[in-house]
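Step one of this worksheet: look at the structure below.
The values are calculated or read from the model by the stated rules, or taken from the named source; none is laboratory data. For clarity, every value in this text was computed on a predicted model and none was experimentally measured. Cβ placement follows ideal geometry from the backbone for every residue including glycine, while neighbour counts extend to all protein chains displayed. Keep in mind that these areas ignore ligands, DNA and RNA; they rest on the heavy atoms of the full protein, side chains included. Shrake-Rupley method; radii C 1.70, N 1.55, O 1.52, S 1.80 Å.
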Amino acid sequence: STQSTGGAIAVTFRQTNIIWVGFTAGTVVIRDIEFRGIFTDRDDFMSQFAIAFQAILRNFKRYLKLLTPYIIVIFGFAGFILYNKGIVVGDRSAHVAVLHFPQFLYFLLFLFFFSAPHMVQRLRYSHLTVLRYCFRPVHVALFFASALLAVACFRYEHPYLLSDNRHYTFYVWRRILNRTPATMYFLLPVCFYTFLNMVALLSTVHSKFFTLLYFLCCAAQTVPQGLLEFRYFILPYILYRLHVPQHSWVVLFLELCQYTLINLLTVKVFLNKTFEWPDVGEMNPNPQRFMW
């Protein structure tokens, strides 16, 4: 299929894109099950999960045929891992998988910033969203308990993040996320607000299965990465924007202005703001430039 072919091409650019091949395969099954109309309004999530699982077992051959193109891509990727003796291409010591749970929180902050017009516009609706979840205190407590534990016990500082001052993440880490030991704790309400709005927006047009699968894939994409890099967040962000309802033209125009301004400033800084690395001047005499 076109989707699996696109997924196979995407994997050749970045190995972690295999996660989103699996996401696409999962959405194929989810949409087929929903199209059959086997759920009722009285079914809770766990009941729906049991019904969906039984439907997959009853129609196993059909779903196997439906997912064959994706299975081929996944098995091909597994063959690559066996041949390469790992997923990493390049310096393996610099790309060791770790349990870096704060990465998911950094992704929420990234999404909040780059969808700022939407998030600000959602302020007038957020009291309803927050009330909906505050009636279930266990959800709120679970989010903050998990976030506090992640920041306190699983924060990871990659050597590249601390040493390469050409990248914006170097300054984001030093001047925002790690400005003080407590800074990230103060940003957790922003993460919570973003997470609530993501769930609310995705749930308006997609099922709970789709929303759950999306967040599981986001976690699989971000958590194992030791290095804080925005490139790990781009694809999850784009998929989120494609799958949420479109806002007013005013919000979309503000988003266009935001992205245009960011791009213009990025190009201006890259072209006009250079600096030297005096300690490696002989090995790399060229001027250094700021980049994403």
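Listing for the model above:
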{"quantity": "For the range 1-120, with +1 on Lys and Arg beta carbons and -1 on Asp and Glu, the positive-most of 50, 69, 13 along the dipole", "calculated": "69"}
{"quantity": "Coarse-grained scattering of the range 176-280 at q = 0.24 Å⁻¹, given as base-10 log I(q)/I(0) from a Debye sum over alpha-carbon atoms", "calculated": "-1.35"}
{"quantity": "15 Å beta-carbon shell around residue 170, net charge (K/R +1, D/E -1)", "calculated": "+4"}
{"quantity": "Efficiency of FRET from Cβ geometry, residue 58 and residue 35, R₀ 22 Å, rounded to 0.05", "calculated": "0.90"}
{"quantity": "Cα centroid of the range 50-117 to Cα centroid of the range 251-265, whole Å", "calculated": "31 Å"}
{"quantity": "Kirkwood Rh, Cα atoms: Rg over Rh of the chain", "calculated": "0.99"}
{"quantity": "Sequence of 166, 175 from largest to smallest accessible area, 1.4 Å probe", "calculated": "175, 166"}
{"quantity": "Check: the range 204-292 dipole with +1 on Lys, Arg Cβ and -1 on Asp, Glu Cβ, in debye", "calculated": "360 debye"}
{"quantity": "Within the chain: Cβ-based charge dipole about Cα centre, in debye rounded to nearest 20 (Lys, Arg +1; Asp, Glu -1)", "calculated": "480 debye"}
{"quantity": "On Cα atoms only, tilt of 137-153 relative to the major axis of the chain in degrees", "calculated": "30 degrees"}
{"quantity": "Exposure ranking of 217, 153 by accessible area [1.4 Å probe, largest first]", "calculated": "153, 217"}
{"quantity": "Cα long-axis angle, helix 60-84 against the chain (0 to 90 degrees, to the nearest 10)", "calculated": "30 degrees"}
{"quantity": "Neighbour net charge for residue 269 - beta-carbon separation under 12 angstrom, K R +1, D E -1", "calculated": "+4"}
{"quantity": "Highest-first arrangement of 5-11, 16-22, where packing means the average Cβ count within 10 Å", "calculated": "16-22, 5-11"}
{"quantity": "Cα-based Rg and Dmax for the range 102-243, where Dmax is the largest Cα-Cα distance (Å)", "calculated": "15.3, 46"}
{"quantity": "Partners for residue 208 among lysines (Cα-Cα distance below 19 Å; same-chain residues under 8 apart left out)", "calculated": "none"}
{"quantity": "Accessible carbon and sulfur surface of the chain relative to its total accessible area, %, 1.4 Å", "calculated": "69 percent"}
{"quantity": "0 to 90° range, to nearest 10: angle between helix 231-243 axis and the chain longest Cα axis", "calculated": "40 degrees"}
{"quantity": "Within the chain, helix-based [θ] at 222 nm, where runs of 4 or more DSSP H residues each add -39,500 (n - 2.57), nearest 500", "calculated": "-22000 deg cm²/dmol"}
{"quantity": "Inter-probe distance in nm under a simple model that places probes 7 Å from Cα toward Cβ, at residue 136 and residue 116", "calculated": "3.2 nm"}
{"quantity": "Heavy-atom surface of the chain, accessible at 1.4 Å and reported per residue (Å²)", "calculated": "59 Å²"}
{"quantity": "Relative contact order (%) - the range 156-266, alpha-carbon pairs under 8 angstrom, separation at least six", "calculated": "30 percent"}
